[in-house]
1. Does ASP111 satisfy the condition of being free of Cβ contacts under 8 Å to residues at least 24 places away in the same chain, within 26 Å of LYS136 (Cα to Cα) and among the acidic types (Asp, Glu)?
2. Just need a number here: residues in the stretch 108-158 that are more than 13 Å from ligand 1 (Cβ to nearest atom) and touching a Phe, Trp or Tyr at 6+ places or on another chain (Cβ under 6 Å).
3. For the stretch 43-53, which positions are assigned to a helix (DSSP H, G or I) and surrounded by fewer than 19 Cβ atoms within 10 Å (Cβ to Cβ)?
4. Using the structure shown, decide if LEU29 is away from ligand 2 (no atom under 13 Å from the Cβ) and touching a helix residue (DSSP H, G or I) at 6+ places or on another chain (Cβ under 6 Å).
5. When the stretch 57-83 is examined, which residues are found to be more than 8 Å from ligand 2 (Cβ to nearest atom) and small (Gly, Ala, Ser)?
6. Do you know which residues across the stretch 79-98 are within 19 Å of VAL122 (Cα to Cα) and either in contact (Cβ under 8 Å) with a residue 12 or more places away in the chain or not small (Gly, Ala, Ser) (or both)?
Amino acid sequence: MKDMKTRLEELPKLAEETKKETKKYFSNLKRRTPKNLDYVMQELHDAEFKKTDCLACGNCCKTTSPIFTEKDVERIAKHLRMKVAKFESQYLERDDDDFMVLKSAPCNFFDESDNSCFIYDVRPKACSEYPHTNRKKFIQITELTLANTEVCPAAHSIVEELKKKLPLVSKIKKRRS
Ligand code: SF4
Ligand code: SF4
């Protein structure tokens, strides 16, 4: 396994190269979803995060915003001893899909000195579940996962491993002439 610096440097080009093939793969996967897909994803996710250290990366926190639910906002504002309205006006805005997201990147709660999170124990649910590669009913989030392969080196590796583990070869109908 390459070091994280190299993985992050190579990711944009790699993700661009695999994007078309992954899109096609997910589209086939939707048509013929194996019953054990969630089980396989959980295995691949666990294996990947045994060797990938998020504290050596932090790319999700540096470049993208999680969605903040009402519950997230209430919990984090309380932790920071801030009023919800003040927290929202200071850090958040509504995106085009009407979700509450950070106004800027890197995340305000990201510690660039060691890639840690200042509010780790109360962080948004979307952060604790990122990159969602062990999500139940994974088949419902393939578009999101495709986008995440451009941000998260672990998500990219997991999807590449999935393609190897569950190759979807088109069935060729045999016929006699
Ligand atoms: S809240 Fe924490 S885990 Fe979530 S994006 Fe910000 S720094 Fe990262
Ligand atoms: S979840 Fe992915 S992008 Fe975020 S820190 Fe871990 S490896 Fe990096």
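None of the figures in this text is laboratory data; all of them are computed from the coordinates on show. On a predicted model such as this, the values are computed, not experimentally measured, just so you know. Positions of Cβ are generated from backbone atoms using ideal geometry, with glycine treated the same way; all protein chains shown enter the neighbour counts.
1. Working: free of Cβ contacts under 8 Å to residues at least 24 places away in the same chain: yes; within 26 Å of LYS136 (Cα to Cα): no; among the acidic types (Asp, Glu): yes.
Answer is no for this residue.
2. Of the stretch 108-158, the ones more than 13 Å from ligand 1 (Cβ to nearest atom) are 132-150, 153-158.
Keeping just the survivors that are touching a Phe, Trp or Tyr at 6+ places or on another chain (Cβ under 6 Å) gives 142.
So the answer is 1.
3. Step one: of the stretch 43-53, the residues assigned to a helix (DSSP H, G or I) are 43-51.
GLU43, ASP46, ALA47, PHE49, LYS50, LYS51 - these are the residues of the stretch 43-53 that are assigned to a helix (DSSP H, G or I) and surrounded by fewer than 19 Cβ atoms within 10 Å (Cβ to Cβ).
4. Numbers: away from ligand 2 (no atom under 13 Å from the Cβ): yes; touching a helix residue (DSSP H, G or I) at 6+ places or on another chain (Cβ under 6 Å): no.
Criteria not met by LEU29.
5. Matches in the stretch 57-83: SER65, ALA77.
6. Matches in the stretch 79-98: HIS79, LEU80, ARG81, MET82, LYS83, VAL84, LYS86, PHE87, GLU88, GLN90, TYR91, LEU92.
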